[in-house]
Amino acid sequence: MIMSKKKAQKRLDMEGDTSINLAFEIIFFIFTRLPVKSLLRFQSVSKSWNVILVEQKFKKAHRDQSKALGREKLMIQRNNGNFELRDLEIGHSQLCLIEEQLFPLKRFQCGEILCSCDGLVLLKANNSDKEYVLWNPSTREYRILDSGPYLNNHEDGCPKACGLCYDSNLDDYKVILIYNSFYVVYSSNKSCWTKKTSFPCPIRLFNNRCSQGISTGESVFWSLNWCLINQYVDSQTSTIIYFDVKSDVLKKLSLPEFIGVNGFFSLNTLKGRLSLYGGTYHDKELDIWIMEQDGWKWLMNVCNLPYICIKFVQDRKLLWCSKNGEIIFHGQWNQQLIIYYPKRKQFVTVADMSKDSMYATALTCLDSSYFPGLNVKEEVTVPRLRDGAMI
């Protein structure tokens, strides 16, 4: 049962020096600005602190504050199943290792990272197209999603695309899986799947692997290119579609005017908003645009590309942008992490993962203590703590 503010304050007062008799509001305010790793340790400091930290109200406030501060971590999945969490805030030029962990369930250890939203990561089980898990790597909480009847239908084969987003009106995280003739939506509140068949345009897909959707919180975006669904956009063959969380249906988004006849761009999320980066096929520079409430806004130019724009965009995934404008890219073929410094107009390699792993997946993940609650009975695994450290 969630303890009320009055009871929590009473416990704070009773514990005296342990909690330094700080007012409830002050402690709450301070905790929302701390990283999850510190919060997990503080749960064992005193009962009153633990009461605050385990409340869903606090966890939501921590999630929202982390989004406002842009507190994200770099998550790297090695081909041996290990997950690395690296620091993007302090000394991002070094990408310091925060922790390394292995997912506790064996069938998901070498599974595939599909997408992330608000610190939650969607994983697919190894060699299975019907087993999925929602996971918070910061707190290590996870929930296995019910397979449902639609995921066992083999007529459409494996899902061609996936996405994860948040419905703020219903306080509900939703998982989207797109097949050839239908798509399904999973509600974390109801713990069930719903089948949808209304597509905004004709779709017949032949992807060999599940394409990751670009989540901006309350929407997920994909690009359709002929019979493929991916992240690449051009003016000749592309159609951008997105999942509207308010209506639970797929819709079509008009291509922006800045994509010219020979333009080639990639969809991404930057600073919590939809972004496009790319340019003219054979140029050695690209532009980054961000979708604001009043339309597309140009953010910056990246010059001195190591090779032509179309090749760079296909190989280099844009991961993150610092407050100073430095951009981190991940080379999906050579497995290098590089930073672009706009003031120096220079690329610098900060990590070469090709020596340690034949294949690695990299994405950013919000540092959040939040994990969606349940309106139905279902198993959620929570890590045990020993002396403030996870075991």
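The values are calculated or read from the model by the stated rules, or taken from the named source; none is laboratory data. Computed from a prediction, not measured in an experiment: that's the story for all the values here. A quick note on method: Cβ atoms are made from the backbone with ideal geometry, for glycine too, and the neighbour counts reach across all protein chains shown. Protein only, heavy atoms only, side chains kept; ligands, DNA and RNA dropped before computing areas. Shrake-Rupley method; radii C 1.70, N 1.55, O 1.52, S 1.80 Å.
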In sequence order, calculated HN-Hα J values of the range 167-181 (Karplus, 6.51, -1.76, 1.60; Hz; x Gly/Pro):
9, 5, 5, 9, 6, 9, 8, 10, 9, 10, 10, 9, 10, 5, 10
What whole number of Å gives the distance from the Cα centroid of the range 259-307 to the Cα centroid of the range 48-79?
30 Å
From the square roots a ≥ b ≥ c of the eigenvalues of the alpha-carbon gyration tensor of the range 46-154, which class results: rounded (a/c under 1.5), prolate (a/b over b/c), or oblate?
oblate
For a quick check: with amide H placed at 1.01 Å from N, whose amide H comes under 5 Å from V220's, ignoring anything fewer than 5 positions away on the same chain?
F243
Loop trypsin sites (Lys or Arg not before Pro), the range 23-125, which have at most 14 other Cβ atoms in a 10 Å radius of their Cβ (DSSP):
R33
Taking the Cα atoms of the range 169-294 alone, what are Rg (to one decimal) and Dmax (as a whole number) in Å?
15.2, 49
Go through the range 67-76 residue by residue and turn each phi into a ³J(HN,Hα) via Karplus (6.51, -1.76, 1.60, θ = phi - 60°); whole Hz please, and just put x for glycine and proline.
5, 5, 7, x, 7, 10, 10, 8, 10, 10
Keeping every protein chain present and rolling a 1.4 Å probe, give me the accessible area per residue for the range 195-331 in Å².
45 Å²
Cross-link pairs beyond the 24 Å C-alpha cut-off, checked among K73/K246; K67/K284; K160/K317; K67/K106; K73/K323; K59/K196:
K73/K246; K67/K284; K67/K106; K59/K196
What are the ³J(HN,Hα) couplings of the range 101-113, residue after residue, when phi is run through the Karplus curve with 6.51, -1.76, 1.60 and θ = phi - 60°? Round to Hz, x for glycine and proline.
9, 10, 4, x, 8, 4, 5, 9, 5, 10, x, 10, 6
